[in-house]
1. Starting from the stretch 97-142, pick out the trypsin sites (Lys or Arg not before Pro) whose DSSP state is loop and whose Cβ has at most 16 other Cβ atoms within 10 Å.
2. State the percentage of accessible surface on the chain attributable to carbon and sulfur atoms; use a 1.4 Å probe and exclude ligands, DNA and RNA.
3. From the C-alpha gyration tensor of the stretch 124-175, pull out the three semi-axes of the equivalent ellipsoid (sqrt of 5λ each), sorted largest to smallest, in whole Å.
4. On the first, second and third principal axes, largest extent first, how far apart are the outermost C-alpha atoms of the chain in Å?
5. Tell me what the chain gives for mean residue ellipticity at 222 nm when only DSSP H runs of n ≥ 4 count, each as -39,500 (n - 2.57), the sum divided by the residue total, rounded to 500 deg cm²/dmol.
6. Loop-only trypsin sites (Lys or Arg not before Pro) in the stretch 11-63, please: DSSP not H, G, I, E or B, and at most 15 other Cβ atoms within 10 Å.
7. For the stretch 149-188, max minus min Cα coordinate along each principal axis, in Å, sorted largest first?
8. For the stretch 20-86, what is the Kirkwood hydrodynamic radius in Å, using each pair of distinct C-alpha atoms?
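The values are calculated or read from the model by the stated rules, or taken from the named source; none is laboratory data. What you are looking at is a predicted structure, and each value in this text was computed from that prediction instead of being measured. Here the Cβ positions follow ideal geometry from the backbone for every residue, glycine too, while neighbour counts run over all protein chains shown. The protein model used for the area step is the full one, side chains on, heavy atoms only, and it has no ligands, DNA or RNA in it. Shrake-Rupley method; radii C 1.70, N 1.55, O 1.52, S 1.80 Å.
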Amino acid sequence: MYDRYDGLIFDMDGTLLDTEQTHRQAWAHVLARYGMTFDEQAMIGLNGSPTWRVAQFIIAGHQADLDPHRLAAEKTAAVNTMLFDSVRPLPLIEVVKAYHGRKPMAIGTGSEHAMAEALLQHLQLRHYFDALVGADDVQRHKPEPDTFLQCAALLGVPPQKCVVFEDADFGLQAARAAGMDAVDVRLL
């Protein structure tokens, strides 16, 4: 189905790996320390954003005086203790397996690079991907195209010959801004 593309790029959280509920639990745990909560629908709207940007949004909504990078680090630490026990691949991993060795593939994620590497290694999936671009590898994050453009560059494939698999509006916007076709996996 994707034979016409020269490169395949995948978001990770919610697209390839079932991590979303664990991320929500980690946010709830950390925010409870500060007497804060989050709106589930608003959080879904921020899918694909780096953790510090989500922290900024939560802090602004509560008019709190906290450092978003510190709050993001606390949430990342909470996820690190929870995620490896609960993470599982989603059905789209079958597309990855089908194209392994046939097309270059990359991960373009809003997660930090080290976390993405660790999760993919833990699940024995890292070898499927020729490149990985995390939130800390780019200056401008989804919905800006930088993550996916860097993936294409690392794959050595022109952007217009890539397809992106995404589960978030910001990621779909980023793919279009990069001049790439996009598959909204929520519709599969």
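1. On the way: sites: 97, 102, 126, 140; in loops: 102, 140.
Filter output for the stretch 97-142: 102, 140.
2. Working: 4450 of 8810 Å².
The nonpolar share, carbon plus sulfur, comes to 51 percent.
3. Computed over the stretch 124-175, the values are 17, 13, 12 Å.
4. Largest to smallest, the principal-axis extents are 51, 33, 28 Å.
5. Details: 8 runs with 86 residues, N = 188.
Taking each H run of at least 4 residues, the total per residue is -13500 deg cm²/dmol.
6. Numbers: sites: 24, 33, 53; in loops: 33.
Here the trypsin sites (Lys or Arg not before Pro) that fit, given the DSSP loop and packing criteria, are 33.
7. Principal-axis extents of the Cα atoms in the stretch 149-188, largest first: 29, 17, 13 Å.
8. Working: mean 1/r = 0.0845 Å⁻¹.
After inverting the mean inverse Cα-Cα distance, the result is 11.8 Å.
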